[in-house]
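Before any comments, here is the structure.
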Amino acid sequence: PRPFDGRCPYPGLAPFREADAALFFGRERIVQQLVEHLADGPATFVIGPSGSGKSSLAQAGLFASLKRNALRDSSDWRYATLSPGRSPLLALSRALPILTGSLESGQDLLDHAPNDPSRLARWLQSSLQSSTNARAVLMVDPLEEVFTQTTDELERLAFLSQLSNAVAQAADGFRLILVMRSDFVGACARYPAINDLLRTGLTQVGGLNPEELVRAVALPAMRVGLRIDPDLVTTILADVRDEPGVLPLLQFALRDLFEAERGPDGVPSLTLDGYWRRGGLRQALRRHADQVYASLTS
């Protein structure tokens, strides 16, 4: 037991970020697998169904673990994250200076990437050659935005070519993490270089087993000084069993409970009675959606 520190330990529908690493539990085993993947090879795909916690795993799990020196000297590596959006080359140009330490690298990549598929690789090579321990780690999350938001096929090809060439040419100095919904695996087949990376470095994110789920629900509460009803944990295990895409809904229901229920001392109360009063796992989101809808004008 420790005094309640005022924090809500559950992010709701948002993923866990690096800053939330101290509250991220239940994925220790797969985080270690990802660390080992990056130790052995330059690229890894983190795939899973929508709502399986891929982004949380990659950011609060893998990135945070690497920055805590999970691999030799990995706390000193350079890290950048990008979301491709409508213009993946623009997103890459904004992330590149973080990896190279050169402000001009971003604009140079934007100017030359469509015609020079090795531009990213060359910038990484030149910026990392000064140190034998230097590494650059780039996370693309979510990769499927290249297929859903990018409408320019030439830009899509150029972006994917930059990534695959960087993996091939930057040798041991570059690590690439690609986070993607599993239903977009087929889309990668049209781009052989990316498809090769998918075949050689894939980690599939599934549901939490019962022990992992207990850790994910109970340990964040304990970390911030909240007591949690064991019967609530048991009920949640039954409610989310064998549903790998339900994790954001679980986090949302727990956050809703945290914000609505108070004990006699005014501290948030995480009890089974409160959980049922709030309608269980699925009523929390329905109630929130109704409230948002009711706030709209005609």
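A few notes on this one:
- Taking the stretch 162-216 as the range and being among the acidic types (Asp, Glu), within 30 Å of Cys8 (Cα to Cα) and within 18 Å of the chain's Cα centre (by Cα) as the test, only Glu212 passes.
- Counting residues in the stretch 271-280 that are closer than 22 Å to Leu143 by Cβ, open to solvent by less than 50 Å² (accessible area, probe 1.4 Å) and either more than 25 Å from the chain's Cα centre (by Cα) or in contact (Cβ under 8 Å) with a residue 40 or more places away in the chain (or both) gives zero.
- Looking across the stretch 142-160, just one residue is touching a Leu at 6+ places or on another chain (Cβ under 8 Å) and outside any helix (DSSP H, G or I), and that is Leu143.
- Search result, residues across the stretch 94-139 that are in a loop (DSSP other than H, G, I, E, B) and open to solvent by less than 10 Å² (accessible area, probe 1.4 Å): Ala113
- Hits in the stretch 58-93 - residues which are among the polar types (S, T, N, Q), touching a residue at least 40 places away in the same chain (Cβ under 8 Å) and either over 16 Å from Met139 (Cβ atoms) or open to solvent by 30 Å² or more (accessible area, probe 1.4 Å) (or both): Thr81, Ser83, Ser87
- Within the stretch 241-262, the set of residues being without any contact (Cβ under 8 Å) to a residue 40 or more places away in the chain and farther than 17 Å from Pro9 by Cα comprises Arg241, Asp242, Glu243.
- Count - residues of the stretch 61-87 that are of a type outside the set (Asp, Glu) and within 18 Å of Leu124 (Cα to Cα): 7
- Sole exception among (1) closer than 20 Å to Gly51 by Cα; (2) at pLDDT 95 or above; (3) open to solvent by 20 Å² or more (accessible area, probe 1.4 Å) for Asp231, by number: (1)
- Here Leu197 meets each of (1) buried (at least 16 other Cβ atoms within 10 Å of the Cβ); (2) within 17 Å of Phe25 (Cα to Cα) with one exception, condition (2).
- Inter-residue pairs, beta-carbon under 9 Å, first of a type in the set (Ser, Thr, Tyr) and in the stretch 166-190, second open to solvent by less than 70 Å² (accessible area, probe 1.4 Å) and part of a strand (DSSP E or B), 6+ apart: Ser182/Ile47; Ser182/Gly48
- Restricting the stretch 70-85 to residues that are assigned to a loop (DSSP other than H, G, I, E, B) and not small (Gly, Ala, Ser), the residue that is nearest to Glu155 (Cα to Cα): Pro84
- Condition check for Arg286: among the basic types (Lys, Arg), out of contact with any Asp or Glu (no Cβ under 9 Å at 6 or more places or on another chain) and either in a helix (DSSP H, G or I) or crowded, with 20+ Cβ neighbours inside 10 Å (or both): yes
- Ser55 vs. criteria assigned to a helix (DSSP H, G or I), free of Cβ contacts under 8 Å to residues at least 60 places away in the same chain and surrounded by 14 or more Cβ atoms within 10 Å (Cβ to Cβ): no
Here is a yes/no grid of residues against (1) surrounded by fewer than 20 Cβ atoms within 10 Å (Cβ to Cβ); (2) at pLDDT 95 or above:
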residue: Leu13; (1), (2): yes, no
residue: Leu23; (1), (2): yes, yes
residue: Glu28; (1), (2): yes, yes
residue: Leu38; (1), (2): no, no
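The values are calculated or read from the model by the stated rules, or taken from the named source; none is laboratory data. Owing to the predicted nature of the structure, the values given are computational and were not obtained by experimental measurement. Here Cβ is always computed from backbone atoms with ideal geometry, including for glycine, and neighbour counts include all displayed protein chains. The accessibility values were calculated without ligands, DNA or RNA, using every heavy atom of the protein model including side chains. Shrake-Rupley method; radii C 1.70, N 1.55, O 1.52, S 1.80 Å.
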